[in-house]
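Values in this text are rule-based calculations from the coordinates and carry no lab data. Since this is a predicted model, take the numbers as computed values, not measurements. With ideal geometry, Cβ positions are generated from the backbone for all residues, glycine too; neighbour counts draw on all protein chains shown.
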């Protein structure tokens with residue numbers, strides 16, 4: 001959801017909340033009094049005793065009589081066994097066991113619990129739908145939930161909260177103690193049979209509703225069934241052996257879980273989903289909000305799924321989508337447990353991508369989180385999102401690739417004046433490689449060095465381009481006051497004008513007007529490529545590879561022994577012979593002659609970029625020349641206008657763009 005700020009504007013810091021939202025309703029039994037396990041004496045030596053991460057799980061499981069595989073599966077589902085250098089998740093959880101400490105996660109941030117202006121609100125009225133439209137009051141409530149599982153972990157283990165947040169071994173002990181305490185409360189026994197721990201695992205999710213808690217527990221048991229082995233970013237090898245796992249769900253009834261409002265949600269089975277509708281209502285003076293009724297895919301095909309992050313809490317995001325004067329999206333996903341809320345039917349058009357052409361052909365998913373605060377997305381949310389996207393892609397025949405599954409940062413502006421204000425979420429710290437592995441479509445080599453194209457694929461955990469300005473306010477350009485971001489894994493690579501480290505970045509006159517100077521600012525996508533994106537190769541020199549990008553040749557470090565891209569075979573577009581350059585568009589609208597007399601034609605406005613002769617760009621798909629006319633509350637007046645023009649979608653820079661078929665030749669990417 002974050003906008004692309006100018007160099008004197010940066011996203012405001014928001015609240016990290018959400019993990020606690022799960023039990024804030026108070027429906028679960030209190031973890032205190034007679035039912036609470038006695039606090040064992042602190043064992044501080046164990047916070048550094050385990051020589052490996054694997055041993056830490058074994059020791060903690062033994063100490064608190066938790067089945068080892070239960071502990072490993074829950075931890076993987078929370079953090080993938082990562083400690084994240086003591087940084088909190090998007091839900092305010094710390095360490096491998098995701099112990100939530102919302103107070104610590106929000107230290108130093110805006111504590112306003114009332115209604116505040118959304119820091120990522122569109123500044124241009126036309127950005128609401130990606131087409132000229134009504135502005136609206138852009139407000140976002142923020143609320144602070146109560147639950148802090150780290151408090152319980154500290155009470156049960158005798159370890160202070162600071163150590164539980166920062167020491168991985170202590171954190172694992174804290175998670176084991178909580179699981180054991182939950183199990184005793186449910187069954188009043190210390191039974192170690194893994195099947196009987198299902199309810200404790202479900203409660204550990206923090207979900208207040210049965211469907212989400214059960215989906216979390218099912219996923220944990222699925223992980224135990226399939227087994228896993230992984231090397232963490234810190235170099236710890238952790239393994240969970242595969243095996244047949246029984247499940248006893250009887251204990252769920254004792255958790256006091258609620259039933260979410262399922263309504264008529266469009267979700268895969270066994271995924272915790274609820275229906276929280278966005279309002280479709282008259283606002284007066286011909287204005288209405290906050291989406292448009294349609295009849296997709298009968299009226300027009302759904303071609304894209306757009307991945308956003310919320311830049312705020314789950315609660316605040318839900319409040320925003322229920323505001324008729326705000327924008328809308330189809331789904332919101334909660335960080336703490338992967339819970340899904342649907343707001344707009346897939347058949348209808350949400351105002352979520354900042355480009356009306358893309359809006360009319362896409363489904364938008366908002367993920368609770370922040371693009372540039374050092375916080376991390378939970379595995380539970382990644383997995384829920386992947387399940388939802390697989391379901392939607394199968395239902396609407398959407399290919400699972402980076403030409404159709406787009407980040408909001410990959411959506412092009414509809415017109416030149418809006419390029420600078422387009423959004424840049426989910427940002428360079430979204431793990432696209434892992435996400436596509438969960439989608440069942442990992443990025444793999446499909447060519448050789450003569451194939452003429454590459455798929456960007458750095459090793460996420462080890463890749464840190466050195467972005468700046470993740471915290472604090474930026475200084476003016478040239479002052480060098482932007483603070484560096486942390487040592488966080490990234491999906492992004494930077495492009496340079498020459499094959500050497502430290503060479504200038506490419507220029508982007510749209511994102512960085514007036515002179516186009518790109519920077520390492522985390523919000524600056526002017527010279528950046530991302531995992532899964534494909535580009536035509538322009539040249540190779542030793543360990544450096546050049547690709548065509550925004551009409552320029554951009555170099556990235558791609559050593560043969562540790563490649564950051566995979567060779568690919570694909571189709572590319574190049575200007576027809578005799579053309580010095582061709583125009584590039586942000587939307588694929590019909591020609592003027594296609595519009596009925598009572599509908600004003602939408603101008604075919606090219607972007608400020610051109611595609612020079614001799615350059616090649618990867619083709620994502622043939623794009624339909626269509627305009628969805630929807631300017632009234634009454635859907636009987638809505639219609640799709642189709643033209644005779646044909647466009648191709650290309651990977652032009654960090655964002656997609658469109659070129660006219662009459663302007664280009666298509667050919668295999670082979671060099």
Legend entry - Pair-distance profile P(r), taking every C-alpha pair of segment 568-608, with 5 angstrom steps and integer %: 5, 17, 16, 16, 18, 14, 7, 5, 1, 0
Inset, instruction - Please work out the C-alpha center-to-center distance from segment 240-275 to segment 64-111 and express it in whole Å. - result: 21
Legend entry - Spin-label model distance (nm) - residue 503 vs residue 65, 7 Å beyond Cα toward Cβ: 6.5
Legend entry - Cα→Cβ-extended label distance, 7 Å offset, between residue 608 and residue 562, nm: 3.7
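Once you sort the root eigenvalues of the Cα gyration tensor of segment 190-229 as a ≥ b ≥ c, which label holds: rounded (a/c under 1.5), prolate (a/b larger than b/c) or oblate (the other case)?
Oblate shape, in that a/c is at least 1.5 and b/c is the bigger or equal ratio.
Please say if segment 353-433 is rounded, prolate or oblate, where rounded means a/c under 1.5 for a ≥ b ≥ c the square roots of the C-alpha gyration tensor eigenvalues, and otherwise the choice is prolate for a/b larger than b/c and oblate otherwise?
On the way: a/c = 2.34, a/b = 1.14, b/c = 2.06.
Verdict is oblate for segment 353-433.
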Legend entry - Label-point separation, residue 444 to residue 591 (7 Å along Cα→Cβ), nm: 4.3
Inset, instruction - Could you let me know the centre-to-centre spacing of segment 497-544 and segment 161-187, using Cα atoms, in angstrom? - result: 45
Legend entry - Inter-part distance where segment 549-575 and segment 376-452 are each reduced to a Cα centre, Å: 18
Inset, instruction - Give, in nm to one decimal, the length gained when the segment between residue 301 and residue 642 is fully stretched (0.36 nm per residue of separation minus the Cα-Cα distance). - result: 121.5 nm
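Is segment 554-624 rounded, prolate or oblate when judged by the Cα gyration tensor, a ≥ b ≥ c being the square roots of its eigenvalues, rounded requiring a/c under 1.5 and prolate requiring a/b larger than b/c? Spell out each step's value before the answer.
Values: a/c = 3.00, a/b = 2.34, b/c = 1.28.
The shape class here is prolate.
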Legend entry - Percent RCO, i.e. relative contact order, over segment 573-668, from Cα pairs under 8 Å lying at least 6 residues apart: 35
Inset, instruction - Would you kindly state how much longer the chain becomes between residue 598 and residue 226 on full extension, computed as 0.36 nm times their sequence separation minus their alpha carbon distance, in nm to one decimal? - result: 128.0 nm
Inset, instruction - Quote the convex hull volume per residue of segment 573-668, based on C-alpha atoms, as a whole number of Å³. - result: 116
Inset, instruction - Alpha carbons only, please: Rg and Dmax for segment 498-645, in angstrom. - result: 19.5, 62
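Tell me, what is the FRET efficiency for residue 249 and residue 576 to the nearest 0.05, using R0 = 56 angstrom and their Cβ-Cβ distance as r? Spell out each step's value before the answer.
On the way: r = 63 Å, r/R0 = 1.13.
Efficiency, rounded to the nearest 0.05: 0.35.
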